Amino acid sequence: MPELPEVEVTRRSFADRIQGSVVRSLHLGKPLRWPLGRAPDELVGCEVGAVLRRGKYLWLPLRRADPSGASGGDEGGLLIHLGMSGSLRFGADLGPRGPHDHMELVTSRGQLRLTDPRRFGAVLWGPSTTLGWPGKLLSGLGCEPTDERLDGRYLQARLKGRRTPIKQALMAGDIVVGAGNIYACEALFRARIDPRTPAGRLSLARCQRLVDEVRSVLAEAIELGGSSLKDFRDAHGAQGHFQLSTAVYGREGEACRVCLSPVKRVVLGQRATFFCGNCQKR
DNA sequence: AAGTGGACCTGCTAGC
DNA sequence: TGCTAGCAGGTCCACT
């Protein structure tokens, strides 16, 4: 479900409220994508720091209260990924846990609950040196869309020699993070680039246009509260509205909003891909 | 190295 | 109504 905008909207909806709270307990349901790591007992009593996002990952720093008053100490945290179907809620009383609630962090200010029916999500516990950034697990991730280093020249250099379709290169996350299936389709539509175009063949001008459109589509989606295709909610339970404005995603056969020709659907890298064959060129 | 395809797991929908 | 096949927003891994 969640691409970068949904993760960021989720983060913003609970980060301020949870920061400064103290962990009382952690409840785990069925196992998720990766094992949790060390025994979670040690995070009881920790104070929650500022929640950060990197790509589609959230990092919840947890610092052990130090009775001696000395600063420092080993800092750890929870690394959370929402997978395809995950969502987080934070509240003072979320009611009884359901069969798809696989993680709940009970704090002095409320419960942070991960609901994830498909269990492609992940919760990892570990020291910031291995899970936080700059950490090993996230080291393969590309630029944040807001990163100043990211421009047409950078993108073109990274795509050089790749024959894979540009859409797959965009979604791979090793060059730019955050554009999943919906936003990759939308950004390519806005940039008027056929998603099947071999990545290494894009001109500098088209790379620049693509960077600009990836940035703007993600920023707009965050502004609108994310996409609520099916069931996305932020940690307050509020829905997003971006899906009302998709130009191509999920619109096979419907009229292109620019030229009125029918939106096409193909499969690239086993993912449904939507585009306008008239507006988008190789 | 880069590309491809399968795997993970469950719920929903369209079609028979 | 009930069954089945196909589909879904993400990532990792093994293989060519």
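The values are calculated or read from the model by the stated rules, or taken from the named source; none is laboratory data. Fair warning: this is a prediction, and the values are worked out from it, not measured in the lab. Cβ placement follows ideal geometry from the backbone for every residue including glycine, while neighbour counts extend to all protein chains displayed.
Can you tell me which residue within region A:266-282, out of those that are away from DNA strand B (no atom under 14 Å from the Cβ) and assigned to a strand (DSSP E or B), is surrounded by the fewest Cβ atoms within 10 Å (Cβ to Cβ)? Spell out how you get there, then give the answer.
Of region A:266-282, the ones away from DNA strand B (no atom under 14 Å from the Cβ) are A:274-282.
This time we only want the ones that are assigned to a strand (DSSP E or B), so: A:274-275, A:281.
Values: A:Phe274: 23, A:Phe275: 25, A:Lys281: 10.
Per the stated criteria, the residue is A:Lys281.
Residues checked against (1) in contact with a helix residue (DSSP H, G or I) (Cβ under 6 Å, 6 or more places away or on another chain); (2) under 16 Å from A:Leu79 (Cα atoms):
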| position | (1), (2) |
| --- | --- |
| A:Arg24 | no, no |
| A:His27 | no, yes |
| A:Leu32 | no, yes |
| A:Glu42 | no, yes |
| A:Gly45 | no, no |
| A:Gly49 | no, yes |
| A:Arg53 | yes, yes |
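Filter the helices (runs of 4 or more DSSP H) completely within region A:153-256 down to those with at least 2 residues that are away from DNA strand B (no atom under 16 Å from the Cβ) and more than 16 Å from the chain's Cα centre (by Cα). It would help to see each step written out before you state the result.
Working: elements: A:166-171, A:181-190, A:204-223.
Once the helices (runs of 4 or more DSSP H) in region A:153-256 are filtered for at least 2 residues that are away from DNA strand B (no atom under 16 Å from the Cβ) and more than 16 Å from the chain's Cα centre (by Cα), what remains is A:181-190, A:204-223.
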Item checked: Complete set of residues in region A:110-131 that are in a strand (DSSP E or B) and either touching a residue at least 24 places away in the same chain (Cβ under 8 Å) or under 16 Å from the mean Cα position of the chain (by Cα) (or both) -> A:Gly110, A:Leu112, A:Arg113, A:Leu114, A:Thr115, A:Ala122, A:Val123, A:Leu124, A:Trp125, A:Gly126, A:Pro127
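Listed here are the residues, each with its yes/no results for (1) at pLDDT below 95; (2) touching a strand residue (DSSP E or B) at 6+ places or on another chain (Cβ under 6 Å).
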position	(1), (2)
A:Leu150	no, yes
A:Arg153	no, no
A:Arg158	no, no
A:Lys167	no, yes
A:Leu170	no, no
A:Gly178	yes, no
A:Glu186	no, no
Margin query: Can you find a residue that is in a helix (DSSP H, G or I), among the small types (Gly, Ala, Ser), over 17 Å from A:Met103 (Cα atoms) and within 15 Å of DNA strand C (Cβ to nearest atom) anywhere in region A:7-22?
Written below: yes
Next item on the list: Among the candidates A:Ala187, A:Ala179, single out the residue that is of a type in the set (Gly, Ala, Ser) and without any contact (Cβ under 8 Å) to a residue 40 or more places away in the chain.
Entry: A:Ala187
Margin query: Here's a check for you: in region A:255-282, which residue that is in contact with a strand residue (DSSP E or B) (Cβ under 7 Å, 6 or more places away or on another chain) and without any contact (Cβ under 8 Å) to a residue 12 or more places away in the chain is nearest to DNA strand C (Cβ to nearest atom)?
Written below: A:Val267
Item checked: Single residue of region A:148-197 satisfying the filter (more than 20 Å from A:Arg282 (Cβ to Cβ) and among the hydrophobic types (A, V, I, L, M, F, W, C)) that is nearest to DNA strand C (Cβ to nearest atom) -> A:Ile182
Margin query: Looking at region A:11-32, I want the residues that are within 19 Å of A:Leu52 (Cβ to Cβ) and in the same structural domain as A:Val48 (by TED's automatic domain parsing) and have a partner that is among the aliphatic types (A, V, I, L, M) and part of a strand (DSSP E or B) with Cβ atoms under 6 Å, at least 6 apart or on another chain. Which pairs are those?
Written below: A:Arg11/A:Leu58; A:Ile18/A:Val48; A:Gln19/A:Val48; A:Ser21/A:Val48
